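Every number in this text was worked out from the coordinates using simple rules, so none of it is lab data. Since we're looking at a predicted model, the values are computed, not measured. Reconstructed Cβ throughout: ideal geometry from the backbone, glycine too, with neighbour counts over all protein chains shown.
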Amino acid sequence: MNTSNEARPPFPPFTHETASQKVRMAEDGWNGRNPERVALAYTVDSQWRNRAEFPVGREQILAFLSQKWAKEHEYRLIKELWAFAGNRIAVRFAYEWHNDDGEWFRSYGNENWEFDQNGLMQRRYASINDLPIKEADRKFHWPLGRRPDDHPGLSALGL
């Protein structure tokens, strides 16, 4: 798919350590909510399925992420490695956010990722469900940006 010389280590085939590192790097990038920077983790012709949307390529991914973070305020995400083999990683995740009306949600999902030899994601398939929550029921309480290393992950939070 990707024919450029871009590289984003770690590279496949993944070990538990490198797959976990890749998951945390993705989480950190998405928590930074910078569409231009996040889009660079994907091949120029990356194929996505995100709910019922099917962006293809960095330009469409950039537009998708810009729209996403314009409507999902106070976005905080936690990802957790589920499985890995060769150049593929499966993750589960949850993120909390509120809309323009101040209504809070916790979105739960699963992703399947496939990487090229340069460590760029060439395929991303995401299935996501939104659960309305009360603000008092939020579990992700860190300043916007990277989740602190000492903040519990999904399993520790019982999610």
With springs only between Cα atoms under 10 Å, which of 20, 66, 46 fluctuates most in a Gaussian network model of the chain? 66
Taking the highest mean first, how do the peptides 85-93, 143-151 order by number of other beta carbon atoms within 10 angstrom per residue? 85-93, 143-151
HN-Hα J in Hz across the range 145-159 - Karplus 6.51, -1.76, 1.60, θ = phi - 60°, x for Gly and Pro: x, 4, 5, x, 4, 8, 7, x, x, 4, 4, 5, 7, x, 9
Along the charge dipole of the chain, Cβ charges K/R +1 and D/E -1, which of 43, 13, 113 sits furthest on the positive end? 13
Once the Cα atoms of the chain are picked out, what are the Rg and Dmax in Å? 15.3, 48
Cα centre as origin, Lys/Arg/Asp/Glu Cβ charges: the chain dipole, Debye: 240 debye
Over what distance in Å are the Cα centres of the range 27-94 and the range 113-133 separated? 6 Å
If exposed means no more than 15 neighbouring beta carbons inside 10 Å and the site is in a DSSP loop, what's the longest run of the chain without any exposed GluC sites (Glu not before Pro)? 7-102
Per the helix-only model, the chain has a calculated mean residue ellipticity at 222 nm (DSSP H runs of ≥4, -39500 (n - 2.57) each, divided over all residues, rounded to the nearest 500) of -7500 deg cm²/dmol
